[in-house]
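For reference, the structure discussed in these notes is given below.
The values are calculated or read from the model by the stated rules, or taken from the named source; none is laboratory data. As the structure is a computational prediction, the values presented were derived from the model and not from experiment. In this analysis, Cβ positions are derived from the backbone assuming ideal geometry, glycine residues included, and neighbour counts consider all displayed protein chains. When the accessible area is computed, the model is the full protein with side chains, heavy atoms only, and any ligands, DNA or RNA have been set aside. Shrake-Rupley method; radii C 1.70, N 1.55, O 1.52, S 1.80 Å.
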Amino acid sequence: MTTTLITGANKGLGFETARRLIAAGHTVYAGSRDAERGRRAAAQLGARLVVIDVTDDASVAAAAKTIEADGGLDVLVNNAGIEARAEGNNVVGAAEVTADMMRSLFETNVFGVVRVTHAFLPLLQRSATPVVVNVSSGLGSLSLMTTPGTPAYAYPGVAYPASKSAVNMVTVQYAKAFPAMRINAVEPGYTATDLNGHTGTQTAEEGAEIIVRMAQLDPDGPTGGYFGRNGQLPW
Ligand code: NAP
């Protein structure tokens, strides 16, 4: 039996990932920072609810304690993330971005990944097949962001891409530190969710595809990589 925690599973890509992994036979803890939203999602999914706010040490520690008491964890999907757009669903551009905006975005997208990974490491280390999937973005790729003509190149924001580049580096460093685990970053692709006011061009089913695939890696699968639906991405 494979036990999986997905942060931010009450909607969007996290919800769809939970649905698919449950169908594949995983026991899924659907993470939600809001108990009521989480209860509704978990009931719909047939998942176990765990309340977890990735920006809050006490919340993350309590979630780890609960899952440890229930028997441990094999797969961690660090999915919770924010883009923090401005009024009218506009991306906050370089002239408007402030250190405070950047700090709150990093608190969820980067420090949240570290906070949750750190708390669940002891559980993952006891698993025979530990896997971590960090949900990054193509916007975290320095190569794509500097290649004219790619969709990423045209993105005007500063904070969100920087946070996902940091997620990529965190992924690489964890993967080297824990070679017994499969730890990868994934790019779901531009997907219609609340994050972008449903402007994304893919469905949640399409976006979750690579998350689901990397959550089911065999122990001899890749680690320390960066993958999209169509294969490896340039850092
Ligand atoms: P979404 O529908 O807005 O879902 C985001 C999820 O994260 C929600 O469940 C949200 O909970 C949760 N969350 C936010 N802050 C949290 C916190 N502090 N603690 C715990 N949970 C928190 O967005 P999505 O598109 O599915 O995004 C999922 C991941 O995919 C993110 O990491 C995002 O950066 C990444 N991604 C998305 C796209 C895309 O085009 N959609 C592309 C590339 C990467 P609430 O409901 O409580 O807010």
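Observations on the structure shown:
- Answer residue from the stretch 43-55, given it is free of Cβ contacts under 8 Å to residues at least 24 places away in the same chain and within 12 Å of the ligand (Cβ to nearest atom) and is least open to solvent (accessible area, probe 1.4 Å) among those: 53
- Taken together, the residues in the stretch 172-200 that are in contact with a strand residue (DSSP E or B) (Cβ under 8 Å, 6 or more places away or on another chain) and either within 12 Å of the ligand (Cβ to nearest atom) or under 16 Å from residue 19 (Cα atoms) (or both) amount to 9.
- Among the criteria (1) farther than 26 Å from residue 6 by Cβ; (2) under 14 Å from the mean Cα position of the chain (by Cα); (3) of a type outside the set (Ser, Thr, Tyr), the one residue 138 does not fulfil is (1).
- Subset of the stretch 69-88 [open to solvent by less than 30 Å² (accessible area, probe 1.4 Å) and away from the ligand (no atom under 11 Å from the Cβ)]: 72, 73, 74, 75, 76
- Qualifying residue in the stretch 147-164 (condition: touching a strand residue (DSSP E or B) at 6+ places or on another chain (Cβ under 9 Å) and open to solvent by 40 Å² or more (accessible area, probe 1.4 Å)): yes
- Meets criteria (more than 21 Å from residue 227 (Cα to Cα) and within 11 Å of the ligand (Cβ to nearest atom)) for residue 104: yes
- Those residues of the stretch 89-133 which are of a type outside the set (A, V, I, L, M, F, W, C), open to solvent by 40 Å² or more (accessible area, probe 1.4 Å) and farther than 18 Å from residue 166 by Cα, in sequence order: 89, 90, 96, 122, 125, 126, 129
- Residues considered: 143, 165. Of these, the only one that is more than 9 Å from the ligand (Cβ to nearest atom) and in contact (Cβ under 8 Å) with a residue 60 or more places away in the chain is 143.
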